[in-house]
Amino acid sequence: MRAVPVALTLAARIDHDVGLPLIESHPMATHDDDIRWMQHALALAERAEREDDEIPVGAVLVDADGQVLGEGWNRNLAEHDPSAHAEIVAMRRAGQALGNHRLVGTTLYVTLEPCAMCAMAMVHARVARVVYGATDPKTGACGSVFDLLADPRHNHRVEVQGGILGDEAGRRLTNYFRAKRGRPLR
Ligand SMILES: [Zn+2]
């Protein structure tokens with residue numbers, strides 16, 4: 001009997017355990033689709049500010065057929081939850097709706113560049129693609145501060161597209177923080 005290296009048996013078991021399909025379906029969204037979904041995410045960001053007085057970041061997760069699986073906005077303050085970023089809220093709802101923690105073949109649209117926590121959650125969930133609006137020079141993990149999703153050591157790659165309606169998303173955030181500091185909106 002041949003000895004099988006432990007690392008190999010572990011890798012095989014992990015692959016079988018997660019039950020990933022051999023071929024992942026990749027979404028074929030056009031640029032117009034991206035704009036449309038980002039407008040939807042921006043509307044969610046507006047609700048974050050208007051309904052919950054939260055930082056205006058919105059996210060929507062869609063499948064390869066363009067069906068909404070989950071959506072949400074920042075809920076950190078309302079839920080006393082440091083993990084309740086818009087991306088996490090949208091993925092959590094999608095996971096509950098699908099009854100699956102793997103969100104294979106999906107695209108996440110979010111108005112602000114994801115942080116490290118959200119980027120890693122996307123890797124864990126096997127999200128196929130992330131499209132974001134404004135870059136985040138303070139905590140962005142899709143190229144601005146960290147470049148987590150481009151790291152070849154992950155066992156799953158998330159395709160990244162930034163800067164979709166980024167000016168509008170950025171303006172909304174700037175106005176929110178300006179208003180919080182008591183300065184008039186422009
Ligand atoms: Zn985040």
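What follows is calculated from the coordinates using simple rules that are stated; it is not laboratory data. Just so you know, these numbers come straight off a predicted model, no measurement behind them. Cβ: placed from backbone, ideal geometry, glycine included. Neighbour counts: every protein chain shown.
Considering only residues of region 34-49 that are of a type in the set (A, V, I, L, M) and buried (at least 17 other Cβ atoms within 10 Å of the Cβ), which is farthest from the chain's Cα centre (by Cα)? Please lay out each step first, then the result.
Taking region 34-49 as the starting set, the residues that turn out to be of a type in the set (A, V, I, L, M) are 35, 38, 41-45, 48.
Applying the additional criterion that residues be buried (at least 17 other Cβ atoms within 10 Å of the Cβ) yields 38, 41-42, 44-45, 48.
Values: Met38: 12, Ala41: 11, Leu42: 14, Leu44: 14, Ala45: 14, Ala48: 16 Å.
Across region 34-49, the extreme among qualifying residues is Ala48.
Select from region 67-87 the residues that are surrounded by fewer than 18 Cβ atoms within 10 Å (Cβ to Cβ), aliphatic (A, V, I, L, M) and under 19 Å from Asp33 (Cα atoms) and list them in ascending order.
Val68
So for region 122-140 (the condition being farther than 22 Å from Met28 by Cα, surrounded by fewer than 22 Cβ atoms within 10 Å (Cβ to Cβ) and among the hydrophobic types (A, V, I, L, M, F, W, C)), does at least one residue qualify?
no
In region 47-89, how many are touching a Pro at 6+ places or on another chain (Cβ under 6 Å) and within 13 Å of Cys118 (Cβ to Cβ)? Spell out the reasoning first.
Narrowing region 47-89 to residues touching a Pro at 6+ places or on another chain (Cβ under 6 Å): 48-49, 64, 87.
Of the ones still in play, those that are also within 13 Å of Cys118 (Cβ to Cβ) are 87.
Number of matching residues: 1.
Quick check, is Gly70 of a type in the set (Gly, Ala, Ser) and more than 16 Å from the ligand (Cβ to nearest atom)?
Working: of a type in the set (Gly, Ala, Ser): yes; more than 16 Å from the ligand (Cβ to nearest atom): no.
Against the criterion (of a type in the set (Gly, Ala, Ser) and more than 16 Å from the ligand (Cβ to nearest atom)), Gly70 does not qualify.
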